[in-house]
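Read-outs: derived from the displayed coordinates by stated rules, not from any lab. Note that the structure is predicted; figures quoted are calculated from it, not measured. Backbone-built Cβ (ideal geometry, glycine too); neighbour counts: all protein chains shown.
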Amino acid sequence: MDYFKDYFEREAAYKKLKPSDIADISDDDLLGAVMTWMIELLDGKWSDEYSIVSAMPKPCMLIWASSSNYNQIHNMGLEAVYLEHNYRQFAEAAAEGYEVIGADKLAVAIRKANERIGQIVKTVMPDGDTYDEKADKLILDAFEEYIDEFENEFYEATRIYDNNRLSAAYIRKHAECFGAQ
């Protein structure tokens, strides 16, 4: 029972994160703390996720994009990144996020997928906004022959890097950007 109490107390504190708090949070917990703070800033407005997050300081946006990308791929597969509009909007920022935290092979893997899927999306949705089940199917069908290659490259790269620790080091380096001022 104490575990849950501690968890909920930490989560409540993370929602009110301040830059001065960052030094006191362990590397294991720091990425989660920052993501909890940013989720709180969204205030449930997930349809406005891109506009809200992209208006944050660049280090925040890059951590959001790379962490969301990482989790989305691990939870639902690479194709989910490109079929979900919000994740697709963050795809290039995710690659840049991997690069700035020092996960270069993850950045390369995502950039390759971004380039290929970008070509497919432009073909399927030339205006970039028309998005429906038919577009989903066309994108997935076109991407199908590449998905295993890109996923394998991504998963290989995840074996090399500790995303939480790399992200924590980057967050500490840019602590002034994370948390309420």
_Dipole axis of the chain (+1 Lys, Arg; -1 Asp, Glu on Cβ), positive-most option in 56, 81, 154_ = 56
*Place the peptides 96-107, 61-72 in order of packing, highest mean first, counting for every residue the other Cβ atoms within 10 Å and averaging per peptide.*
61-72, 96-107
*Okay, helix-only estimate at 222 nm for the chain: each DSSP H run of n ≥ 4 adds -39500 (n - 2.57), divide by all residues, round to 500 deg cm²/dmol; what do you get?*
-24500 deg cm²/dmol
*When the Cα atoms of the range 1-81 are enclosed in a convex hull and the volume is divided per residue, what value in Å³ results?*
122
*Mean-position separation - Cα centroids, the range 144-176 and the range 94-121, in angstrom*: 10
*If the viscosity is 1.002 mPa s and the temperature 20 °C, what translational diffusion coefficient in µm²/s does Stokes-Einstein give for the chain when Rh comes from Kirkwood over Cα pairs?*
125
*Describe numerically, in nm with one decimal, the distance between label points set 7 Å from Cα along Cα→Cβ at residue 54 and at residue 104.*
2.9
